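The values are calculated or read from the model by the stated rules, or taken from the named source; none is laboratory data. The structure presented is a predicted model; accordingly, all values stated were derived computationally and were not measured. Positions of Cβ are backbone-derived with ideal geometry, glycine not excepted, and every protein chain shown enters the neighbour counts. Surface accessibility is based on the protein's heavy atoms, side chains included, excluding ligands, DNA and RNA. Shrake-Rupley method; radii C 1.70, N 1.55, O 1.52, S 1.80 Å.
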Amino acid sequence: QVQLVESGGGLVQPGGSLRLSCAASGSIFSIYTMGWYRQAPGKQRELVAHITSSGRTNYANSVKGRFTISRDNAKNTVYLQMNSLKPEDTAVYYCHAEEIWNSGTYYPGYWGQGTQVTVSS
């Protein structure tokens, strides 16, 4: 069982920055690909960025060059640094541990509870 707890959301003006953190419980954090998703009102949840266990990253086109995902396996934490924020970045941001088969063992996926990010003047 893995629990994910996000923090760092809040209200920020356009052009500002926020850093989201997602702290994971358990000892198997390092094997998971971790992702940040977001869901705006009336819209489907969408992938923002993910980072593999080896550190490879992938970003949605809408956030490339502005957001950076990183992880610290020693702290069981994944981060999302968000710069040059726009009103359209307003959403609930969710941390996700993606299900994986590792050495013949299945590890299910998990979601955090979400943290609100509001970009407004």
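Odds and ends about this structure:
- Long-range amide H partners of Val48 with built H, under 5 Å: Trp36, Tyr37, Arg38
- Loop-located trypsin sites (Lys or Arg not before Pro) in region 1-51 whose Cβ has at most 12 other Cβ within 10 Å (DSSP): Lys43
- Filtered GluC sites (Glu not before Pro), region 70-121: DSSP coil and at most 12 other beta carbons within 10 Å: Glu99
- Ligands, DNA and RNA left out, the accessible area of region 1-41 computed with a 1.4 Å probe is 49% carbon and sulfur.
- Centre-to-centre separation between the Cα atoms of region 1-33 and those of region 35-57: 11 Å.
- Gyration tensor (alpha-carbon) shape descriptor, region 41-121, a/c threshold 1.5: prolate
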